[in-house]
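What follows is a set of notes on a single structure, which appears directly below.
Computed from the coordinates by the stated procedures, all read-outs in this text should not be read as laboratory data. Everything quoted here is computed from the prediction, not taken from an experiment. Cβ placement follows ideal geometry from the backbone for every residue including glycine, while neighbour counts extend to all protein chains displayed.
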Amino acid sequence: MTKRRLVAAAACTLLAFSAAVPAAFDPQQPSSAAAAVASAASAERALVEKYCVGCHNSRLKTGGLALDAVSVERIDDNPDVWEKAVRKLRAGAMPPAGSPRPDARAYAGLLTSLETALDRHAAIHPDPGRTDPFRRLNRTEYQNAIRDLLALDVDVADLLPSDDASYGFDNVSVAGLSPTLMERYLSAAQKISRLAVGSPLPRPVGRVVVLPPDLTQEGRIDGLPLGTRGGVAVDHTFPNDGEYRIQVRLSRDRNENVEGLTEPHQLEITLDGQRLQVFTITPNRNRSGAYYADEGVDQGLDVRMRVGSGPHVVGATFLRNNSALIETERQPYQSHFNMDRHPRVQPAVHSVSIEGPFDPKGPGETPSRARIFVCRPDVVPGAPGRAVGGDDVRCARRIISAFARRAYRRPVGDGDIAPLVRFYTDARRSGGFEAGVEMALRATLTSPEFLFRIERDPQGVAPRTAYRLSDVALASRLAFFLWSSVPDEELLAVAERGELGRPPVLERQVRRMLADPRAEALTTNFAAQWLYLRNLASVTPDGRLFPDFDENLRQAFRRETELLFGSIVDEDRSVTELLSADYTFLNERLAKHYGVPNVYGDRFRRVSLRDQSERAGLLGHGSILTVTSYATRTSPVRRGKWILENILGTPPPPPPPNVPPLADPKTDGRRLTMRERMVEHRSNPQCASCHQLMDPAGLSMENFDAIGRWRTRGEAGSAIDASGSLPGGARFDGVNGLRQALLARPDVFVGTMTEKLLTFALGRGVDGRDGPVVRAIVRDAARSEYRFSALILGIANSSAFQMRRSAEQRVVSR
C-alpha cells in the first residue's frame, strides 16, 4: 500500500510539472547588430571568396557550410554559421592541408574581425541558451547527494542503472523516469532510508566483494597495515549494533586448487586497522612430498565479532613472508601473470564476505542518525513510546523540514512538508517515531523534487527571453558543477539571503568550494569523462602481446592522471600544465613500466620528469595512450581523434558507412609500417579528408606502444618515423614536437577545456551562441596565466551560467 502511494505521489508531481512546461515552436532569427566597417568587410569578403567559398558553397556544402549564401558584412544575420567558421579557423583546420592559405597576418586579421563582430552581436543580443527544465540526477550525483545529506556512502552501482552520455558527459539532458527505473529508485530509497535510520532488518544480510582476477597482490594495499601484502580494504556500513561474520576466500586455479600456496602463509583480518584474528594457512603434501592446496584449505578463514553500527573498514591481508622478496626477485617483473594470468607465486585474496547482523542490539549512534535526528520528542515518564502533547509530530516536522530543504535544494513550505508528514503519521502508528521518520525520508528520496534538477521559468517572463536565475537556482548549479552534489548549508543559506549573485560573495563561495574535499568530483567525474579515464575499465590489451598488463597497471594509469589533474585544481596551477608538466605521480609499478628509476613501494608520489621529457603532461600518460589504442596495436586514428576532440576542440565528423579496414600489415612478404598502412588507407577518397587531419598528430605518438611503453621500433620491426603536424601548422618530430606545437597556441587548448567545463556545468551541449562566452573566459584567464580558478570563476560569472532563456511561446489550438 505504501509503495503504491509513493509511486502515485511521484507520478502526480511529474504530471503536474510536465503540464507546466511550455510547448515549443521554431526559434525566431535574432535581430541584426550594426554592420562592420565597409572597407574591412570588403577585404574579409575577398579572403572568404578566395580561400573558402570554393568548397563551402551552396552546391557542395562541404562540412555543412555554404558561405556564399551568407554575408560577411552582416555577420549578425547568421552568427551560428560564422561561429562554425571561427572554430575551424582558430584551430588552423581551414583551409585544409594542401590548399592555398592566406598569409599569417591576413589569416589572423580575418579571425579577429569575425570574433569581434560575433562578440559584439552577443553583447547586444544575449542568448544564454535553455537547459532542460526537468533533468534527472545521474548516478554519481545521486550517490554524492546521499553522502552529503545522510553521511552515508553507498555504492549506487548496485542500485541504479548506468547513465547514457551525450556531448561527452552523463549529466547532459538526463531525462525520463520509466516505470522500471521508478521501481529501482523506490528500492534504493527503501534501502538507504532504512540504513540511515538504523531500522532493524528482518533477517541478516550479506555482501560479497570480489577482487579483479588479474590484480597482483605482491605489494601493500592502501588502508592496510605496514608489513602486509595484498588483500583488500572494504568500506562497509554496518546497519545495526550486533554480531557479524567476515569470511575470506582465496584465489583458485581452474582445478579449484588454491594458487601459490607452497609454504605456510598468515592471513590477517582487521577492523578499522585493528587486528581481529590471524590465520595460518598451510598447504597439504602428497606421498611424494609435493605441495598441493585443495579447496578445503581456506574453509575456516572466517571470524565472528560484535561491531557497532555505522561505517567501518574491514581488511583482509597477508603478513609478508621473509621469503616473499626472494621469491618475487627470482621472477621477471610481473611475469608470473602469463597469457592466462596464472599461476600465482603466492596466495591471493579472491573475495571477502560480510554477513549480519546476528542478534541485533539496536541502531547505535552513527553519523547518519546524528545528521537526521536534529531533535527528539519529549516522552511521558514511564511510557517511552508516548510523546508529550503531540511533541512527536512537532519534532518530526522539524526533522522533515530540515531534510527536505537540503534534498530539494530550496526553501520548503507547508505544501512540500504536509504530504511527507502524512507518510510519517501513517508509519508512526504501527512502527513508532523512528519508523515514521524513515518513511518520510523514503518519500522525500522518491520525490521528483529530489530526483530531478528542476529549473522553472519565473512567472510573467516573456517567451524566449533571457532572465537571471534566482540565487537558489544559482546555488544548485554551482554545487552540481563543482561537487556533483547538493548545496551545503552555507551555500544554501547565502542563496536564501539573496547574496550569492553579488560578485564578491560568489567568488568567496567558489574558492571555498574548490578548497573543499568534495571538489574532487571535478577530477573523478568531470576529468574522468573528458579524458576518457572511465574507458580504462573496459580496456583489454591482448594478453599474448602484452602479458605485463594487469589490474594493478590499469589502476595506476588512472591514478596518475587523476593526481595530475587534482594537483592543477588543488594548487591552482595553469591548466596548460596538463600538457607541459615536467612532473608526474608514480608508484613502483608504474615507474618500472615507464622506465623511471628509484621509485619504490605502492605509494604514489610526485616525480620529476626532467630526464624523461617524452612523459611530460597528458600526452605521456599510459591512461591516454592505452584508451586510444586497440587491443593488439596502436591507433594513430584514435590518438589523432583524441587530440582533435579534446585538445583542439575540432572533432572530426563520424566515419562514413562501410569504411574499409587498414591494409594487411604484410605486403609482398614485407611487413608494412603503421605509417605506410595509414598512407594506403588515406588513398581512399572516402577516408582522405578526415584522416589528413587526424593521422599526422596520432603518428607523432607512435613511439608509445598500445600500453604506453616507450619504443624506438614499431610492430614491423623498423625504426619509427614519428614526424607529424597539426592542422595549419608546421611539421614537427615526435611527441615532444607535438607538445610544443600545442603549447605555442595555449588559447586553443584552454578554449577547448573551457568548452568542456561549460558543457559539464550547464548540462547541455555548447554551441555557437556560447562562443563569445568562451572567448571572454579565455581572454580573462590569460591575465593569470590560465590558472584553473580563473576558468571556474569565469564560468560562474558568465551569462550562460547565471542566466537562462525562457521557453518558447505555447501554441494554443482553438
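Once the Cα-Cα distance is subtracted from the 0.36 nm per residue extended length, the ARG456 to ASP77 segment shows a gain of 133.4 nm. Among the listed values (1) 69; (2) 17; (3) 26, the one matching percent of Cα pairs over 51 Å apart as calculated from this structure is (3).
Within the shell of other residues whose beta carbon sits under 10 angstrom from the beta carbon of CYS52, the net charge comes to 0, with Lys and Arg scored +1 and Asp and Glu -1.
Across the options PRO161, ALA427, ALA515, the greatest Cα extent toward the positive end of the charge dipole of the chain (unit charges at beta carbon of Lys, Arg, Asp, Glu) belongs to ALA427. Potential lengthening of the chain between ASP391 and ARG285 amounts to 31.1 nm, from the contour at 0.36 nm per residue minus the alpha-carbon distance.
Across the stretch 177-182, coupling constants 3J(HN,Hα) worked out from phi with the 6.51/-1.76/1.60 Karplus curve, θ = phi - 60°, read 8, 5, x, 5, 5, 4 Hz, and Gly and Pro carry x.
Taking the highest mean first, how do the peptides 443-450, 719-726 order by number of other beta carbon atoms within 10 angstrom per residue? Let's see the in-between values first.
Details: 443-450: 22.9, 719-726: 19.4.
In decreasing order of mean packing, 443-450, 719-726 become 443-450, 719-726.
Each of the peptides 155-167, 622-634 was scored by the mean count of other Cβ atoms within 10 Å over its residues; in descending order, highest first, they stand as 622-634, 155-167.
Once you've got the Cα coordinates, tell me which of LYS61/LYS641; LYS592/LYS641; LYS641/LYS756; LYS50/LYS641 are over 19 Å apart. Exceeds cut-off: LYS61/LYS641; LYS592/LYS641; LYS50/LYS641. Annotation for the stretch 253-313: GluC sites (Glu not before Pro) lying in DSSP loop with at most 14 further Cβ atoms inside 10 Å of their Cβ are GLU256, GLU295. For the listed peptides 763-774, 69-80, a ranking on the average number of other beta carbons within 10 Å per residue, highest first, reads 763-774, 69-80. Which one of GLY751, VAL627, ILE720 is farthest out on the positive end of the charge dipole of the chain, using unit charges on Cβ (Lys, Arg +1; Asp, Glu -1) and the Cα centre as origin? Comparing the listed Cα positions along the dipole, GLY751 ranks first. A straight line joining the Cα centroids of the stretch 500-554 and the stretch 249-308 runs 36 Å.
Using 0.36 nm per residue, how much length does the chain from LEU201 to ASP767 gain when fully extended, once their Cα-Cα distance is taken away?
Numbers: separation 566, 0.36 × 566 = 203.76 nm, distance 5.11 nm.
Stretched fully, the LEU201-ASP767 segment lengthens by 198.7 nm.
Return the calculated 222 nm mean residue ellipticity for the chain, to the nearest 500 deg cm²/dmol, obtained by summing -39500 (n - 2.57) across DSSP H runs with n ≥ 4 and dividing by the residue count. Walk me through the numbers on the way to the answer.
Numbers: 27 runs with 320 residues, N = 814.
Counting only the DSSP helices, I get -12000 deg cm²/dmol.
Considering only GLN247, PRO283, PRO264, the residue lying farthest towards the positive end of the dipole of the stretch 232-283 is PRO283, judged by Cα position with unit charges set on Cβ.
Take the Cα of THR425, step 7 Å toward its Cβ, do the same at THR465, and the gap between the two points is 4.1 nm. Using the Cβ of SER613 as centre and a radius below 11 Å, the other residues enclosed give a net charge of 0, where K and R count +1 and D and E count -1. Applying 1/(1 + (r/R0)^6) with R0 = 45 Å to the Cβ-Cβ distance of SER162 and GLN266 gives a FRET efficiency near 0.70.
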